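Presented below is the structure to which this report refers.
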């Protein structure tokens, strides 16, 4: 009796309950903990059809498929399923199931259910942290690289461009005003960049004061206009009682063309950015591709030159 009590308490503390469904009459039996998962009063009569309706459509589909296979083959399963309880609360339940046969037929399916809502919430928070740059709220370098590799390796649905953005004068902010002022500067930069290119497919912070934008473009001239919006939008003054620092922006851009590796496209845009920096900063440079490459990218992308750039004052 003492061991049974310890067993029950341990399962309750671990948020684990035991369930059983007799076959073929579909009669359910639960321990009190499972009732708690579904926000039902313990010992309330259970109708399986009504309980199944508490699962989200996707989880219901997965559960039915796993259950039918288990009954057919005798193989158990483990499934994480999302439910909306009788009181409207969203929870995640990890279901472990076994099947018992008698005279060659499935007699009952049974197992344990565990509340894994906290685990799922933590995993989702970690995923969001991995996807987002904590300081600016923009996408992280990891998320950028995954998306960039995906679109470079996929079929070309529409023409996109890569713009690498670098702040001019950021080092002066850190050196003279301190790292807190530097963090504030990056936050402002993130907001201004988002406002400058609201139709971007992705905006990410990929380094200290380095940002990347993936943006649709219909022509080289269109890409130049996008770069202009960025340079103009990311030009502001940081004023303090002792010092004023002008923040400007340099941009290097390239069209994302099928058949080129992400590494080559990134290097092309990065070289263009370096040329802007070398030429005096506060502007952009677009490295256009050859006519055949442009035609592969998009039929409307035509530009006779190899590159063009602009200084904005």
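Values for this structure:
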| item | result |
| --- | --- |
| Where residue 184 falls short, out of the listed (1) without any contact (Cβ under 8 Å) to a residue 40 or more places away in the chain; (2) assigned to a helix (DSSP H, G or I); (3) more than 16 Å from residue 138 (Cβ to Cβ) | (3) |
| Among the candidates 178, 169, residue that is on the phi > 0 side of the Ramachandran plot and without any contact (Cβ under 8 Å) to a residue 12 or more places away in the chain | 178 |
| Helices (runs of 4 or more DSSP H) within the range 60-179 that include 1 or more residues over 27 Å from the mean Cα position of the chain (by Cα) and surrounded by 12 or more Cβ atoms within 10 Å (Cβ to Cβ) | 170-177 |
| Filter result for residue 77 (over 24 Å from residue 106 (Cβ atoms) and assigned by TED's automatic domain parsing to the domain that holds residue 104) | no |
| Sole residue being closer than 26 Å to residue 153 by Cα, under 29 Å from the mean Cα position of the chain (by Cα) and at pLDDT below 90, chosen from 256, 226 | 256 |
| Matching strands (runs of 3 or more DSSP E) fully within the range 188-269 where at least 2 residues are buried (at least 19 other Cβ atoms within 10 Å of the Cβ) and in contact (Cβ under 8 Å) with a residue 60 or more places away in the chain | 202-205, 210-216, 244-256 |
| Criterion violated by residue 152 - all others in (1) over 28 Å from residue 256 (Cβ atoms); (2) in contact (Cβ under 8 Å) with a residue 40 or more places away in the chain satisfied | (1) |
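So that you can scan it fast, the table gives a plain yes or no per residue for (1) modelled with pLDDT under 90; (2) within 30 Å of residue 180 (Cα to Cα); (3) not assigned by TED's automatic domain parsing to the domain that holds residue 151:
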position	(1), (2), (3)
209	no, yes, no
232	no, yes, no
242	yes, yes, no
250	no, yes, no
263	no, no, no
272	no, no, no
284	no, yes, no
297	yes, no, no
305	yes, no, no
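The values are calculated or read from the model by the stated rules, or taken from the named source; none is laboratory data. Here the structure is a predicted model, which means the values were calculated and not measured. Positions of Cβ are backbone-derived with ideal geometry, glycine not excepted, and every protein chain shown enters the neighbour counts.
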